[in-house]
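A.B. asks: Structure incoming, see below.
Taken together, the values in this text are just the output of simple stated rules run on the coordinates, not laboratory data. Since the structure is predicted, the reported quantities are computational estimates derived from the model, not experimental observations. Glycine gets a Cβ as well: all are built from the backbone with ideal geometry, and neighbour counts include every protein chain shown.
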Amino acid sequence: MEKYEKLEKVGEGTYGKVYKARDKATGQLVALKKTRLEMDEEGIPPTALREVSILQLLSQSIYIVRYWMNPLISAFHLVVLLWWFGLIERKMGSFMYQLCKGVAHCHKHGVLHRDLKPQNLLVDKEKGILKIADLGLGRSFTLPMKSYTHEIVTLWYRAPEVLLGTTHYSTGVDMWSVGCIFAEMVRRQALFPGDSELQQLLHIFRLLGTPTEKEWPGVTTLKDWHVYPQWTPQNLARAVTALNSDGVDLLSRMLQYDPAERISAKDAMVHPYFDSLDKSQF
């Protein structure tokens, strides 16, 4: 990685470390993701290869991070633009539109991200461009849906169908996460900050109401469904007071209980919330 000057470590997780670095040639600040690889008998683990192959598939979009790989080193680095936490309200619509466009690009190519969260959204501060990063949990999906693992998505952004144990899910899991991110941009704090799967469900049910078979057919047959307190839906607008009525409507469509009723990323891009945005720049 001689091309980059490593400045400081900015994060560390189960799968690796992220460093703030500078491109020696251009001076551009980037983040270097160094993924921890535990080599198996056949070489690089399939999960690592899957992330690279997905990035190759999606690399035509400016909203998905590019990567650089040196096959001669024992770990690979994803070179991504550094996340800028100083989001200002006038940029929120732009960032949300770009997020929806990036997610739509993933879904168009048959890829579920499965770990969308603020920490995986990286912004070029100067250009105002948002990029989706970290496809370590990403995978291709097919129709009809196959069975996938339910151990996905950081807890606060995990869709209720996954929390309730389904292994047959599709693009709706990503759109729920997008909704949670949207609300967090507005609130500057998580909408559903649970510290366990049960507490996460209870946070959701208290705000959106306990789901019923009428609004979400099949919910009571999900593997981890139990008898829960019967809460009635609260006014979502009170949780996101800085959002206008169109924004609240878009958020509510992202947070529909029934995955089949949840708005798609493609449809979200043409929602009235984005009508005042100059989309030609994207």
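A.B. asks: Describe numerically, in nm with one decimal, the distance between label points set 7 Å from Cα along Cα→Cβ at LEU222 and at ALA237.
C.D. replies: 2.8 nm
A.B. asks: Still on this structure: Figure the gain on full extension for GLN230 and GLU215 (residue separation times 0.36 nm, minus the Cα-Cα span) and round it to one decimal in nm.
C.D. replies: On the way: separation 15, 0.36 × 15 = 5.40 nm, distance 1.40 nm.
Contour length minus Cα-Cα distance gives 4.0 nm.
A.B. asks: Same structure, new question: Can you order the peptides 94-100, 240-246 by their average number of other Cβ atoms within 10 Å per residue, highest first?
C.D. replies: Numbers: 94-100: 22.3, 240-246: 14.0.
So the peptides 94-100, 240-246, ranked by packing, come out 94-100, 240-246.
A.B. asks: Something else now. Place a point 7 Å from Cα of ASP275 in the direction of its Cβ. Which residues in region 208-247 have their backbone N less than 15 Å from it?
C.D. replies: 244-247
A.B. asks: Further question on the same structure: Are any of the pairs LYS91/LYS266; LYS24/LYS117; LYS3/LYS266; LYS24/LYS131; LYS24/LYS266 more than 27 Å apart by Cα-Cα distance, and if so, which? Before the final figure, lay out the partial values.
C.D. replies: Values: LYS91/LYS266 20 Å; LYS24/LYS117 30 Å; LYS3/LYS266 37 Å; LYS24/LYS131 22 Å; LYS24/LYS266 38 Å.
Going by Cα-Cα distance, LYS24/LYS117; LYS3/LYS266; LYS24/LYS266 fall outside the 27 Å limit.
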